[in-house]
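Enquirer: Supplied in structure tokens, the structure appears directly below.
The values are calculated or read from the model by the stated rules, or taken from the named source; none is laboratory data. This structure is a prediction, so every number in the text was calculated from the model and none was measured. Neighbour counts are summed over all protein chains in view; Cβ atoms, including those assigned to glycine, are modelled from backbone coordinates with ideal geometry. Note: areas computed on protein heavy atoms with side chains; ligands, DNA, RNA excluded. Shrake-Rupley method; radii C 1.70, N 1.55, O 1.52, S 1.80 Å.
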Amino acid sequence: MGQGWLGRVVDPLGRPLDGKGPLLGGQHARPTRAAAPPAATRQRLGPPVGVGVRVLDAFCTMREGQRIGLFAASGIGKSTLLATMARAAAFDVVVLGLIGERGRELREFIEDDLGPEGLARSVVVCATSDAPAALRREAGYASLAVAERFRDAGHRVLLLLDSVTRFALACREIGLAAGEPPATRGYPPSVFRELPALLERAGPGGPGAGSITALMTVLVEGDDHDEPIADAVRGILDGHAVLERRIAEAGRYPAVEVLRSLSRSAPGCLTPDQAGLVRQARKILSLRDEVADLVRLGAYRAGTDASVDQALRMAPRIDAMLHQARGEVSTLEEAFARLAEALSDAPA
């Protein structure tokens with residue numbers, strides 16, 4: 001692998017899929033199976049980084065080298081959200097792993113969502129849904145190997161993996177075919193060994209290396225966010241953003257449920273003013289949701305509770321700030337500036 005891989009689409013065996021001729025990578029071969037950097041010598045998380053999405057930058061702020069999961073059912077906009085992040089300007093290299101994707105969507109994603117500018121600094125590793133299970137599983141490991149190569153060269157890498165669930169399904173198919181006994185909801189024990197072996201490889205590198213900041217989608221079955229894969233991945237990663245179908249159906253994009261989303265590293269990177277804005281906005285949205293049914297039924301009268309009146313007045317402003325047009329790329333500074341503007345006349 002090497003710089004010649006940027007702008008290319010490959011399969012998990014390193015073969016080009018884009019018809020642009022052979023890959024020019026030099027002699028930088030590396031194994032797809034590798035151990036994570038030693039915990040004692042791995043660098044700490046870096047400064048906050050923008051991912052181009054206001055709701056995530058403000059309410060699920062990421063640090064360089066952090067790993068966050070995007071949890072959602074099908075058809076809520078995960079792939080479009082990943083494309084927006086791939087165009088964010090904060091990273092040197094983007095590695096996009098498409099595991100079990102529909103074959104027709106690859107070119108649409110690359111040409112319409114990623115675009116020439118995004119593709120120029122990206123490497124796309126793809127195994128479509130009709131590929132053998134071993135190839136779909138290998139797509140996850142190959143994506144990490146490509147990201148590690150650029151991280152070890154000192155680059156700031158953004159890894160987008162879509163999806164961890166399809167990686168786990170491929171592992172389940174292989175495990176059951178090998179005779180493993182099914183355990184939790186049909187998943188054999190080996191699946192829960194493969195997940196941390198894959199996910200722990202992302203993050204900061206050792207001394208002198210760069211970092212892999214990872215966003216990984218988790219396809220929750222039947223909107224059940226406590227199903228085994230979602231539960232296991234949530235415990236491994238450094239945060240989670242939850243996409244809700246009801247928000248998408250209401251017309252707000254991205255459909256991120258703020259109150260159920262969390263970045264475990266945010267307290268260590270936000271300024272006191274930013275942290276105060278986030279706490280205040282969460283309090284307003286939580287209170288609005290608590291009284292939403294009463295308001296719909298006409299059982300709440302304005303003036304009964306000043307804090308509820310404030311929440312009902314301010315929540316629509318926060319919702320407007322969270323809305324972002326498809327293809328629009330925001331910045332970290334803009335996210336907090338817009339949030340401060342939405343809360344400008346709210347009591348502290």
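Enquirer: Please enumerate the residues belonging to the stretch 138-157 that are farther than 25 Å from V191 by Cα and either of a type in the set (F, W, Y) or surrounded by fewer than 21 Cβ atoms within 10 Å (Cβ to Cβ) (or both).
Expert: Those that are farther than 25 Å from V191 by Cα and either of a type in the set (F, W, Y) or surrounded by fewer than 21 Cβ atoms within 10 Å (Cβ to Cβ) (or both): F150, D152, A153, G154, H155, R156.
Enquirer: Among the residues of the stretch 262-277, is there at least one that is part of a strand (DSSP E or B), in contact with a strand residue (DSSP E or B) (Cβ under 6 Å, 6 or more places away or on another chain) and open to solvent by 60 Å² or more (accessible area, probe 1.4 Å)?
Expert: Yes, that holds for at least one residue.
Enquirer: In addition: Taking the stretch 48-102 on its own, how many of its residues are free of Cβ contacts under 8 Å to residues at least 40 places away in the same chain and β-branched (V, I, T)?
Expert: Residues that pass the stated criteria total 0.
Enquirer: Further, regarding this structure: Name the one entry in L56, L81, L106 that is surrounded by fewer than 24 Cβ atoms within 10 Å (Cβ to Cβ) and of a type in the set (A, V, I, L, M).
Expert: None of the others qualify; the one that does is L106.
Enquirer: Further question on the same structure: Regarding D345, is this residue out of contact with any helix residue (DSSP H, G or I) (no Cβ under 8 Å at 6 or more places or on another chain), open to solvent by less than 60 Å² (accessible area, probe 1.4 Å) and among the acidic types (D, E)?
Expert: Taking the combined requirement at face value, the residue does not satisfy it.
Enquirer: Mind listing just one residue for me: the one in the stretch 125-137 that is more than 18 Å from the chain's Cα centre (by Cα) and not in a helix (DSSP H, G or I) and, of those, surrounded by the most Cβ atoms within 10 Å (Cβ to Cβ)?
Expert: Ranking the candidates gives A127 first.
Enquirer: Next question, about the same structure. Please determine, by comparing only the residues of the stretch 152-176 that are over 25 Å from the mean Cα position of the chain (by Cα) and either assigned to a strand (DSSP E or B) or free of Cβ contacts under 8 Å to residues at least 40 places away in the same chain (or both), which one is nearest to V95 (Cα to Cα).
Expert: Going through the qualifying residues, I end up with G175.
Enquirer: Return the residue satisfying two criteria in turn: it lies in the stretch 173-203 and is of a type outside the set (A, V, I, L, M, F, W, C) and closer than 18 Å to A142 by Cα, and of such residues it is most open to solvent (accessible area, probe 1.4 Å).
Expert: Out of the qualifying residues, it is R193.
Enquirer: Here is a further query. With A58, A83 as the choices, which residue is among the aliphatic types (A, V, I, L, M), more than 24 Å from T165 (Cα to Cα) and assigned to a helix (DSSP H, G or I)?
Expert: None of the others qualify; the one that does is A58.
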